[in-house]
Amino acid sequence: MIATDLFIAARNLARHTRRNLLLASAIGGVTAMLVLLGGLTTGMREAMLHSATTLMTGHVNLAGFFKITSGTAAPIVAGWEKPWDAVKDRIPELDYMAPRGRGWAKAVADGGSMDLVLAGVELSREPGFHKVIQVVDGSLEELGKPGTILLFQDQAKRLGVKPGDTLTLSAPTTRGASNTADVRVAAVARNIGLLSAFNAFIPADTLRQLYQLKAGTTGAVQIYLKDPADSAKVAARLRAALRDAGWRVMDPDPQPYWQKLMFKVNAEDWTGQKLDVTTWEDEMSFLSWIVTAVTWLGNVLVTVLMVIVAVGIVNTLAIAIRERTREIGTLRAIGMQRTQVLRLTLLEAFLLGLGGAVAGALLGAAVGAGLNGAGIELPETMQYFLLQRNLHLAIHPGQVAVYVAFVTALTTVAASWPSAYAARMRPVTAMHHVG
Amino acid sequence: MPEPIVEAVDVAKVYQLGKTQVHALRHVDLVVERGEFLSIAGPSGSGKTTLLNLIGGVDVPSSGTVRVDGEDTSKLTERALTRLRLDHIGFIFQTFNLVAVLTVFQNVEFPLLLQGRMSSDDRRRRVNALLEAVGLADHARHRPSELSGGQRQRVAVARALVANPPLVLADEPTANLDSVTGGHIIDLMREMNRRDGTTFIFSTHDPKVMSHASAIVRLEDGRVVGRETAQGAEAR
Ligand SMILES: Nc1ncnc2c1ncn2[C@@H]1O[C@H](COP(=O)(O)OP(=O)(O)OP(=O)(O)O)[C@@H](O)[C@H]1O
Ligand SMILES: [Mg+2]
């Protein structure tokens, strides 16, 4: 029976080629939009994830705060190798790890001054760094030498410095006093949107000197996984393992460390070292509104389109069913059940939806591939928010399949109203309806 | 004595047409025995179609009872009524009413698919046997639009008979055909009636068509005004 249903449904669709083609193209158009918008948001998310996790946060961070008195917290892990040793065998997902110093300083140069968020890096431990940082002036190797700094273009402009120039960093140490260090500009890198507004990089040792920290002290052990999707799982595992090993571990809290430092930790009543295991999503939560906004905008657009298409489907099917009044009446008269009529008309909509959606998805994927291939450079302001230079859509087959399923389901649901009307049709219409 | 295939007792059908009520049938009593080849005759608007609809279970009476093969149609659920039509009644329509997108073979096969009881081999044998019987064995793969009116009605006859129902209803089966072709259709129906003992009830205006009937029930203004047996009918 299902074979015959399929056959009838397909033939019915073929009977009104123009009308159905029009509807299928509308369905296809919406699917293509979905695929492209989805590709855009996924692309943004992936670019953000990639740039941000390479520059600012690991997929999972073994970090923490140290408080000498309950009101003076520093974002450091003293003797980081001990807690790391306690957990390092528990991360089969590990790609690589790198300790990162965390700090904040005022940079002063001849041309001006500004606040910088400092990351203390050991370049030799960070294979990803080279891939994300694009040096436009100077050389990245220089950053391996002590007493240097890597700035982004806008920062260099603001401070009025170029590679080889010196600037002074002034930072509050854990003991409350201020300390300064002179650093030489090693390189100037291309802006990476929002990330390059305040972040600068100096060698880990230089950061420790600035803050007068011991050799075994770092800000966070940034842990990179083979698949970032495992972050939450790994973070939970590490938290438990560290607790078992006797460390004081903070409860999960989706905020970046600097928010915790400014608004949370100092208000708590404890001293000494506490560890804090976070994921890149926690550290990036202040950026996620961008993705949310784009996703939302896309959703509004797609919803409007879908409503239009749904109305089209309802109308077209209603017409098709009215035209077939006598045929449906005949089928009912000779013994077809209402549920079978319903199934038949729904099947027709399902086929139409599936055909349109598959075609649209292919079109969307092709257009997306074309856009990616064309290497379109984004306008500055968009680069700023999207953390990427060229337009890049990430179109994944699994996600496309979800869109196709979604649009097909929507078409079928929209068809349920005219289909229910068809199913309620009385068999007498087979005799009475003329034409 | 087996029970009659159709038994209508004091049947009335009232249609609401805006504010006025149309009494399409009043106080109709009718018994049809198994194996009859019964014609329902009467002028236009006399209620022939209405009566066939009630017997066919595509509609239920406003009052009175209609029993088909022992089942009281107004006591059945929509589902059971549909099942009664599928298993016990074959329909032949004035306008043929074939499914345009299906081939001749598929149209005839359709009731068997709805029943879902036969294997595809059995279905093929059954459908081919019927197409043979109605003289359309060579047209199995054609679509209805490629056939003449007479051929289409033959397909309809085959479809009505394919599930081997005890009762076949035909509302003016020859009205859209020329008299020669119409005569062939009636001959075909009569042959099936004789061969399988299937009861046929058909309506018609045409005296020549009526003359084939084993009995004629005359309707006028929604009432049964007479019933003639074969001899009387053929004498006309
Ligand atoms: N659905 C309906 N709504 C209102 N009135 C109806 C309906 N169906 C039939 N009638 C009326 O009931 C009466 C009987 O109609 P019916 O179709 O049964 O007559 P008939 O004998 O089949 O006529 P014809 O020879 O023209 O086919 C007519 O007056 C008709 O107008
Ligand atoms: Mg009629």
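The values are calculated or read from the model by the stated rules, or taken from the named source; none is laboratory data. Being a predicted model, the structure only gives us computed values, none of them experimental. Because the Cβ atoms are built from the backbone with ideal geometry, glycine has one as well, and the counts that use them run over all protein chains shown. Just the protein is used for accessible areas: all its heavy atoms, side chains included, with ligands, DNA and RNA removed. Shrake-Rupley method; radii C 1.70, N 1.55, O 1.52, S 1.80 Å.
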**Item:** Base-10 log of normalised Debye intensity for segment A:59-282 (one unit scatterer per alpha-carbon) at q = 0.12 Å⁻¹
**Value:** -0.65
**Prompt:** If the chain between residue A:338 and residue A:178 were fully stretched, how many nm would it gain, using 0.36 nm times the residue separation less the Cα-Cα distance?
**Reply:** 49.3 nm
**Asked** Ordered by residue, what ³J(HN,Hα) values in Hz, to whole numbers, does segment A:336-347 give under the Karplus form 6.51 cos²θ - 1.76 cosθ + 1.60, where θ = phi - 60° and Gly and Pro are x?
**Response** 7, 6, 4, 4, 6, 5, 4, 4, 5, 6, 5, 4
**Fill in**
Nearest 10, in degrees from 0 to 90: the angle of helix A:288-323 to the longest Cα principal axis of chain A is 0 degrees
**Message:** Residues of segment A:279-311 with backbone nitrogen within less than 14 Å of a virtual label 7 Å along the Cα-to-Cβ line of residue A:236, please, listed as ranges.
**Reply:** A:279
**Potential lengthening between residue B:187 and residue B:71 on full extension [0.36 nm per residue; Cα-Cα distance subtracted]** = 38.8 nm
**Prompt:** Remind me, what semi-axes does segment A:353-425 give for its equivalent ellipsoid, largest first in whole Å, using sqrt of 5 times each Cα gyration tensor eigenvalue?
**Reply:** 38, 13, 9
**Request:** Measure off 7 Å from each Cα along the Cα-to-Cβ vector at residue A:293 and residue A:197, then give the distance between these two points in nanometres to one decimal.
**Result:** 1.0 nm
**Potential extension, residue A:253-residue A:68 segment - 0.36 nm per residue separation minus Cα distance** = 64.3 nm
**Item:** Qualifying chymotrypsin sites (Phe, Trp or Tyr not before Pro) for segment A:224-333 [loop in DSSP, other Cβ within 10 Å: at most 14]
**Value:** A:270, A:286
**Prompt:** Okay, which of segment A:292-330 sit inside 18 Å, backbone N to the point 7 Å along the Cα-Cβ direction of residue A:117?
**Reply:** A:292
**Asked** Pairs of lysine in segment B:6-235 with Cα under 26 Å and at least 8 positions apart or on different chains: total?
**Response** 5
**Prompt:** Which percentage, to the nearest 5, of the DSSP beta bridges contained in segment B:6-235 is antiparallel?
**Reply:** 55 percent
**Prompt:** So what are the radius of gyration and Dmax for the Cα set of segment A:239-342, in Å?
**Reply:** 29.8, 85
**Prompt:** Going out from 0 in 5 Å bins, what whole percent of all Cα-Cα distances in segment A:1-146 drops into each bin?
**Reply:** 2, 6, 9, 12, 12, 10, 9, 7, 5, 4, 5, 5, 4, 5, 3, 1, 0
**Fill in**
Rounded to whole Å², per residue accessible area for segment B:4-97 with a 1.4 Å probe reads 39 Å²
**Asked** Applying the Karplus parametrisation 6.51 cos²θ - 1.76 cosθ + 1.60 with θ = phi - 60° to the phi angles of segment B:208-224, what ³J(HN,Hα) value in whole Hz is obtained for each residue in order, glycine and proline being reported as x?
**Response** 5, 5, 4, 4, 7, 6, 7, 7, 10, 9, 9, 10, 8, 6, x, 10, 7
**Complete:** Under 17 Å by backbone N from the virtual spin label 7 Å along Cα-to-Cβ at residue A:46, the residues of segment A:131-158 are A:132
**Prompt:** Roughly how many nanometres apart are two label points built 7 Å out from the Cα toward the Cβ at residue A:168 and residue B:211?
**Reply:** 12.8 nm
**Asked** Within the P(r) computed for segment B:21-132, what percentage of the Cα pairs occupies the region above 19 Å?
**Response** 57 percent
**Prompt:** Tell me, what is a quarter of the convex hull surface for the C-alpha atoms of segment B:6-235, in nm² with one decimal?
**Reply:** 12.8 nm²
**Message:** Give me P(r) over the protein assembly as shown, computed from all C-alpha to C-alpha distances, binned every 20 Å, as integer percentages.
**Reply:** 16, 30, 17, 16, 16, 6, 0
**Message:** Quick check: pseudo-label points 7 Å beyond the Cα along Cα→Cβ at residue B:20 and residue A:11, how many nm apart are they?
**Reply:** 4.2 nm
**Message:** To the nearest 20 Debye, how big is the dipole of chain A about its Cα centre, given +1 on the beta carbon of each Lys and Arg and -1 on that of each Asp and Glu?
**Reply:** 1580 debye
**Complete:** Per-residue average of other protein chain Cβ atoms inside 10 Å, peptide B:48-59 -> 3
**Request:** Can you tell me the 0 to 90 degree angle between the C-alpha axis of helix A:231-244 and the longest principal axis of chain A, rounded to 10?
**Result:** 50 degrees
**Item:** For chain A, the longest site-free run once trypsin sites (Lys or Arg not before Pro) in DSSP loop states with at most 16 other Cβ atoms within 10 Å are removed
**Value:** A:1-174
**Prompt:** Lysine pairs, Cα distance under 20 Å, 8 or more residues apart or cross-chain: how many in segment A:59-282?
**Reply:** 19
**Asked** How well do other chains shield peptide B:89-98, expressed as the mean number of their Cβ atoms within 10 Å of each residue Cβ?
**Response** 4
**Request:** Determine how large the accessible area of residue B:171 is when every protein chain is in place; take a 1.4 Å probe and give Å² rounded to the nearest 10.
**Result:** 20 Å²
**Asked** So what's the net charge close to residue B:172: Lys and Arg +1, Asp and Glu -1, counting the other residues with Cβ under 11 Å from its Cβ?
**Response** -1
**Asked** What shape does segment B:165-236 take by its C-alpha gyration tensor, where a ≥ b ≥ c are the square roots of the eigenvalues and a/c under 1.5 counts as rounded, a/b above b/c as prolate, and the rest as oblate?
**Response** rounded
**Complete:** Taking Cα atoms, the helix B:120-133 axis meets the longest principal axis of chain B at an angle in degrees (rounded to 10) of 70 degrees
